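Accompanying notes for the structure given below.
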Amino acid sequence: MSLVELINNDIKNAMLAKDVKKLDALRAIKAALLLAKTGKDISGGEIPDDVEMQILQKLVKQRKESAEIYRSQNRSDLAEVEEFQASIINKYLPEQMPEEEVKKAILKIIEDTNANSIKEMGKVMGIATKQLAGKTDNKTIAGIVKELLNQ
């Protein structure tokens, strides 16, 4: 079952259960996927799996950033809504890799590319973001790459 079909089924179930909070999160996912599907980068109307994962990661990141902003402005009611939506969206992402495994994968990439200075960060990042797409976020990858290339 594709992600779009899964989301549509979950929307139906949330409507039947009258779960408005979950329904909002699911509709946000569906809207983002529909927007991507109609984009000029997608051929044949099918969204590749890696693009779907990037979209979901972006949605989670947006929710978490919004929640931080709301918390800093003492609006915990709005922050909780954003955090709840992030948790719903996270359920559709594959399990995130532990940081130690990410570090091992990036060390292997650095070894394979013979990168030895921070000047070659772009080369390592390009390969790492493709290999680790959906398994961890780019912020984590960038932090680890910087740390390893600065040694």
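Brief remarks on what is shown
- Each Cα pair under 8 Å and six or more residues apart adds its sequence gap; the mean of these over the residue count of the chain is a relative contact order of 20 percent.
- Taking the helices alone, the chain has a mean residue ellipticity at 222 nm of -24000 deg cm²/dmol, built from -39,500 (n - 2.57) per DSSP H run of at least 4 residues and averaged over all its residues.
- Where labels lie 7 Å past Cα in the beta-carbon direction, separation of GLN62 and GLU95 in nm: 2.9
- In plain terms, the residue of THR38, THR113 with the fewest other Cβ atoms within 10 Å comes first and the most crowded comes last, giving THR38, THR113.
- Prolate/oblate/rounded label for segment 3-90 (Cα gyration tensor, a/c 1.5): oblate
- Label-point gap, in nm, between ASP24 and SER72 - each point 7 angstrom along Cα→Cβ: 2.2
- Extending 7 Å from the Cα toward the beta-carbon at both ASP112 and MET1 defines two label points whose distance is 3.4 nm.
- Principal-axis tilt of helix 99-113 within the chain, Cα atoms, nearest 10 degrees: 50
- Pairs from the table (LYS30/LYS103; LYS21/LYS146; LYS22/LYS139; LYS12/LYS61) lying more than 30 angstrom apart at Cα are LYS30/LYS103; LYS21/LYS146.
- Selected from VAL124, GLN151, ILE47, residue furthest toward positive end of dipole (the chain; charges at beta carbon): ILE47
- Under 17 Å from the Cα of LYS37 - aspartates and glutamates, other chains or at least 8 residues apart: GLU5, GLU46, ASP49, ASP50, GLU52
Computed from the coordinates by the stated procedures, all read-outs in this text should not be read as laboratory data. As the structure is a computational prediction, the values presented were derived from the model and not from experiment. Note: ideal-geometry Cβ built from the backbone for every residue, glycine included; neighbour counts use all protein chains shown.
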